[in-house]
There are 2 protein chains.
Amino acid sequence: MASHGARGRSGGRPTLEEVAARAGVGRGTVSRVINGSPRVSDATRAAVEAAVAELGYVPNTAARALAANRTDAIALVVPEPETRFFAEPYFSDMLRGVGAALSDTEMQLLLIFAGSDRERQRLAQYLAAHRVDGVLLVSVHADDPLPDMLAQLEIPAVISGPRSAAETLTSVDSDNYGGARQAVEHLLGRGRRTIAHITGRLDVYGAQRRIDGYRDALREAGHAVDELLVEPGDFSEDGGRRAMEALLARRPDLDAVFAASDVTAAGARHVLREAGRRIPDDVALVGYDDSAIARHLDPPLTSVRQPIEEMGRAMIDLLLAEVADRRPAVSRELEPPRRMVLATELVERASS
Amino acid sequence: MASHGARGRSGGRPTLEEVAARAGVGRGTVSRVINGSPRVSDATRAAVEAAVAELGYVPNTAARALAANRTDAIALVVPEPETRFFAEPYFSDMLRGVGAALSDTEMQLLLIFAGSDRERQRLAQYLAAHRVDGVLLVSVHADDPLPDMLAQLEIPAVISGPRSAAETLTSVDSDNYGGARQAVEHLLGRGRRTIAHITGRLDVYGAQRRIDGYRDALREAGHAVDELLVEPGDFSEDGGRRAMEALLARRPDLDAVFAASDVTAAGARHVLREAGRRIPDDVALVGYDDSAIARHLDPPLTSVRQPIEEMGRAMIDLLLAEVADRRPAVSRELEPPRRMVLATELVERASS
DNA sequence: AGGTACTGTGGGAGCGCTCCCACAAGTGAT
DNA sequence: ATCACTTGTGGGAGCGCTCCCACAGTACCT
């Protein structure tokens, strides 16, 4: 390797200093132009820009990061194994939204999986080294220590799907409560009266909100809520199957099912078919997520769509704002966390 | 914000200097310990490690990058839109292999999509800024300018699937030639004599090698190669359909088809069915890739498996080596590019 | 005329590390 | 005892930038 002192002398990449010399101005002025400061005269700006173009100057990120104490990078942390990431359209939609929102920014996006213990270990190191200015957290379980860790390191973070009503991080969510109401009101409007609900995992806040929406929609329509019609699931197909069996055994007279996810609905559909119930003639079925599976089910599944791509966009907007007006944690603790809730949309198909 | 001078003074992250003071040694010694240099006595090493643990020291990446002129990051560049990345198992398998090979390294992996012009623009800037030490290139077309750009910037790179026999970059590939031979020899072994080949895109080197393998296998078994049995496809299902129609029209007596991809085979299967040919009774069918589609086809498709995960691992090994013994480009040009070819495996199923 | 403000600019200091040179201390051959 | 290495260590210089202070120049009030 070349000797240390001679490293970037002539053949290497041009530096700020060289651009300054070329443009006949000082280092500070070039820096101001590069960073878009308004305190530069038009003539000077033009001269600097010409020098930049002539030399093909590109700022050295490491030097900038060191001097300015920022990295211009944010991480999308997925606390799941990679397999799930690729399997579920949720993540790719989210990534698309995030990517779009970031595309007119200098910010660089890092995708970090933290499914295994080992990966979590690496992530902890990574965050401790402050290698990103902010973190996007998706699909976090209620007892995950990650959010606390971020708070302690004072790294700005935005979470999709708050962990509880008392979420301390800035959060973006879809309107789980409203979405559930839409589903139930739709079923009521179709003349259904005995509407069951297969819930999601009860330790997921969004699942709780869907239950609330289900109950309130019934109540406000003047129906009593029969707890025999509510059966816990876990978002999985198998869970949907088991829940449906339990429901059919308890209330064979039910005429509609609202499932907390499309996959759950697919499991329920299977059991209903085996029991000889026709969909939607005997039992109407509504799912949640409007995932690919909803379109391909037989019959196509009515489902509640969450605007996932928009959520990704919103998360970036909030995170960038938080990174920009980063303040001492003290004053931060006094403000309530920012929240954003996006509307859902009922997509009607043949199953209801 | 706190004043510049006071920034990292007391509340902030510990620095090398502080660790050195704590351990009662010099800055250089701490640096040696951190970087695993052997030129440190055991006692000193222990003292430094204790200080590091007590202070919770984590090296500042930006400072290290600036001083050492490296980033400890490499990029996996995918010159495709994100959608394809998520749709094709090829990429997720590759990512798994790459991730595994990297997991006991300090290297950080960046995933960069360069499907649109805009994204390519960003990538160019990114590379010009030397923000990564090396690049992994997957799925590059023959006329892509990316490799030249990398060469000019003197950024180490490894390509999966060389663009031609004269590929100048270090490359990792599966044995397309051998894989095709396996497929054809298998069909010959099953007593088939009139074996057609639907090729891949002719501008893809791997597709050419599969054609070579097909021809040589037939020739060496003492059969003449009938060019009427070779029809160009493009790896797509539709291409497979069209090619199969052409082949059936020209040589209705064919008794086997070797397709250059599983998707192509699926298209061919469709046409064969419509023409009333039974698989494998009338026509045996073999695909390439051993993708999910092969398992789910009716009948399940015999296919040539490429060890994609291993290829990912191999790419990392080669790239890290290249990054490690980075030399002036001059001496580099004198050596031939390194190449690695991994064996394929025929997975036999009901279609042949 | 003097003050006050603002605009535009140059350049010192410093970010936290790595690299390398200098040098002390020990080891063994002559 | 001298020389020649080797091993371990400290610290200066420098990586390329940002931040900020200082200051010249101009404009506008008293």
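If B:ASP104 satisfies all but one of (1) modelled with pLDDT of 90 or more; (2) within 10 Å of chain A (Cβ to nearest Cβ), what's the number of the condition it fails?
(1)
Can you name the residue in the range A:54-70 that is more than 7 Å from chain B (Cβ to nearest Cβ) and of a type in the set (A, V, I, L, M, F, W, C) and is also nearest to A:LEU16 (Cα to Cα) among such residues?
Step by step, filter the range A:54-70, then rank; the result is A:LEU55.
On the basis of being at the interface with chain A (Cβ under 9 Å from one of its Cβ atoms), outside any helix (DSSP H, G or I) and of a type in the set (A, V, I, L, M, F, W, C), does B:VAL40 make the cut?
Numbers: at the interface with chain A (Cβ under 9 Å from one of its Cβ atoms): no; outside any helix (DSSP H, G or I): yes; of a type in the set (A, V, I, L, M, F, W, C): yes.
Against the criterion (at the interface with chain A (Cβ under 9 Å from one of its Cβ atoms), outside any helix (DSSP H, G or I) and of a type in the set (A, V, I, L, M, F, W, C)), B:VAL40 does not qualify.
Among the residues of the range A:26-44, which ones are over 28 Å from B:ASN60 (Cβ atoms) and more than 7 Å from DNA strand C (Cβ to nearest atom)?
Correct list: A:ASP42 only.
Regarding the range B:181-191, can at least one residue be identified that is touching a Gly at 6+ places or on another chain (Cβ under 9 Å) and not assigned by TED's automatic domain parsing to the domain that holds B:LEU254? Step through it out loud before you land on a result.
Going through the range B:181-191, the residues touching a Gly at 6+ places or on another chain (Cβ under 9 Å) turn out to be B:181-184.
Cutting the leftovers down to not assigned by TED's automatic domain parsing to the domain that holds B:LEU254 gives us none.
Checked the range B:181-191: no residue is touching a Gly at 6+ places or on another chain (Cβ under 9 Å) and not assigned by TED's automatic domain parsing to the domain that holds B:LEU254.
Determine whether B:ASP133 is over 16 Å from B:GLN208 (Cβ atoms) and buried (at least 22 other Cβ atoms within 10 Å of the Cβ).
On the way: over 16 Å from B:GLN208 (Cβ atoms): yes; buried (at least 22 other Cβ atoms within 10 Å of the Cβ): yes.
Against the criterion (over 16 Å from B:GLN208 (Cβ atoms) and buried (at least 22 other Cβ atoms within 10 Å of the Cβ)), B:ASP133 qualifies.
Anything in the range B:109-122 that is under 20 Å from B:ALA65 (Cα atoms) and more than 8 Å from chain A (Cβ to nearest Cβ)? List them, or say none.
Selection gives B:LEU109 alone.
From A:ALA275, A:ALA292, A:ALA243, grab the single residue that is free of Cβ contacts under 8 Å to residues at least 60 places away in the same chain, surrounded by fewer than 18 Cβ atoms within 10 Å (Cβ to Cβ) and not acidic (Asp, Glu). Don't jump to the end; show me each part of the working.
Values: A:ALA292 fails: free of Cβ contacts under 8 Å to residues at least 60 places away in the same chain; A:ALA243 fails: surrounded by fewer than 18 Cβ atoms within 10 Å (Cβ to Cβ).
Exactly one of A:ALA275, A:ALA292, A:ALA243 is free of Cβ contacts under 8 Å to residues at least 60 places away in the same chain, surrounded by fewer than 18 Cβ atoms within 10 Å (Cβ to Cβ) and not acidic (Asp, Glu), namely A:ALA275.
For the range A:54-71, what are the residues that are part of a helix (DSSP H, G or I) and either near DNA strand D (Cβ under 7 Å from one of its atoms) or within 29 Å of A:VAL132 (Cα to Cα) (or both)?
Once the filter is applied, which keeps residues that are part of a helix (DSSP H, G or I) and either near DNA strand D (Cβ under 7 Å from one of its atoms) or within 29 Å of A:VAL132 (Cα to Cα) (or both), the range A:54-71 yields A:THR61, A:ALA62, A:ALA63, A:ARG64, A:ALA65, A:LEU66, A:ALA67, A:ALA68.
Any idea which of (1) within 25 Å of A:LEU16 (Cβ to Cβ); (2) buried (at least 18 other Cβ atoms within 10 Å of the Cβ) is the one A:TYR90 doesn't satisfy?
Against the list (1) within 25 Å of A:LEU16 (Cβ to Cβ); (2) buried (at least 18 other Cβ atoms within 10 Å of the Cβ), A:TYR90 comes up short only on (1).
Kindly evaluate A:GLU82 against the criterion of being more than 24 Å from A:ALA157 (Cβ to Cβ) and either more than 10 Å from every other protein chain (Cβ to nearest Cβ) or of a type in the set (Asp, Glu) (or both).
Details: more than 24 Å from A:ALA157 (Cβ to Cβ): no; either more than 10 Å from every other protein chain (Cβ to nearest Cβ) or of a type in the set (Asp, Glu) (or both): yes.
Answer is no for this residue.
Regarding B:ALA50, is this residue in contact with a helix residue (DSSP H, G or I) (Cβ under 8 Å, 6 or more places away or on another chain), surrounded by 15 or more Cβ atoms within 10 Å (Cβ to Cβ) and not β-branched (Val, Ile, Thr)?
Numbers: in contact with a helix residue (DSSP H, G or I) (Cβ under 8 Å, 6 or more places away or on another chain): yes; surrounded by 15 or more Cβ atoms within 10 Å (Cβ to Cβ): no; not β-branched (Val, Ile, Thr): yes.
So B:ALA50 fails the test.
Being within 10 Å of chain A (Cβ to nearest Cβ), of a type outside the set (D, E, K, R) and either in contact (Cβ under 8 Å) with a residue 40 or more places away in the chain or assigned to a strand (DSSP E or B) (or both) is the filter here, so list the residues in the range B:85-98 that pass it.
Matches in the range B:85-98: B:PRO89, B:PHE91, B:LEU95.
For a quick check of your reading of the model, give me the residue pairs whose first member lies in the range B:202-225 and is within 20 Å of B:GLY287 (Cα to Cα) and outside the structural domain of B:ALA256 (by TED's automatic domain parsing), whose second is basic (Lys, Arg) and surrounded by 16 or more Cβ atoms within 10 Å (Cβ to Cβ), with beta-carbon atoms closer than 9 Å and at least 6 apart or on different chains.
If the second residue must be basic (Lys, Arg) and surrounded by 16 or more Cβ atoms within 10 Å (Cβ to Cβ), no pairs are left.
Restricted to the range B:3-22, and to residues that are within 8 Å of DNA strand D (Cβ to nearest atom) and either under 42 Å from the mean Cα position of the chain (by Cα) or modelled with pLDDT under 95 (or both), which residue is nearest to the other protein chains (Cβ to nearest Cβ)?
At the first step, the residues of the range B:3-22 found to be within 8 Å of DNA strand D (Cβ to nearest atom) are B:3-5, B:20.
Of the ones still in play, those that are also either under 42 Å from the mean Cα position of the chain (by Cα) or modelled with pLDDT under 95 (or both) are B:3-5.
Numbers: B:SER3: 13, B:HIS4: 9, B:GLY5: 13 Å.
The selected residue is B:HIS4.
Could you please find all residues in the range B:156-177 being of a type in the set (A, V, I, L, M) and buried (at least 21 other Cβ atoms within 10 Å of the Cβ)? Walk me through how you get there before you give the answer.
Taking the range B:156-177 and keeping what is of a type in the set (A, V, I, L, M), we get B:157-159, B:165-166, B:169, B:172.
Hits for the range B:156-177 are B:ALA157, B:VAL158, B:ILE159, B:LEU169, B:VAL172.
Do you know which residues across the range B:123-139 are more than 10 Å from chain A (Cβ to nearest Cβ) and touching a residue at least 60 places away in the same chain (Cβ under 8 Å)?
B:VAL132, B:ASP133, B:GLY134, B:VAL135, B:LEU136, B:LEU137, B:VAL138, B:SER139
Could you tell me how many of the residues in the range B:275-294 are at pLDDT below 95 and not hydroxyl-bearing (Ser, Thr, Tyr)?
Applying the first criterion (at pLDDT below 95) to the range B:275-294 yields B:289-294.
Now restrict to residues that are not hydroxyl-bearing (Ser, Thr, Tyr): B:289-290, B:292-294.
Count: 5.
Of everything in the range B:23-37, what is within 11 Å of DNA strand D (Cβ to nearest atom) and assigned to a loop (DSSP other than H, G, I, E, B)? Give them in sequence order. Before the answer, list the steps.
Residues of the range B:23-37 within 11 Å of DNA strand D (Cβ to nearest atom): B:23-33, B:37.
Hits for the range B:23-37 are B:GLY24, B:VAL25, B:GLY26, B:SER37.
What about A:ALA73, is it facing another protein chain (nearest Cβ under 10 Å), within 16 Å of DNA strand C (Cβ to nearest atom) and surrounded by fewer than 20 Cβ atoms within 10 Å (Cβ to Cβ)?
Details: facing another protein chain (nearest Cβ under 10 Å): yes; within 16 Å of DNA strand C (Cβ to nearest atom): no; surrounded by fewer than 20 Cβ atoms within 10 Å (Cβ to Cβ): yes.
So A:ALA73 fails the test.
The values are calculated or read from the model by the stated rules, or taken from the named source; none is laboratory data. If you're wondering where the values come from, they're calculated on a predicted model, not measured in any experiment. A quick note on method: Cβ atoms are made from the backbone with ideal geometry, for glycine too, and the neighbour counts reach across all protein chains shown.
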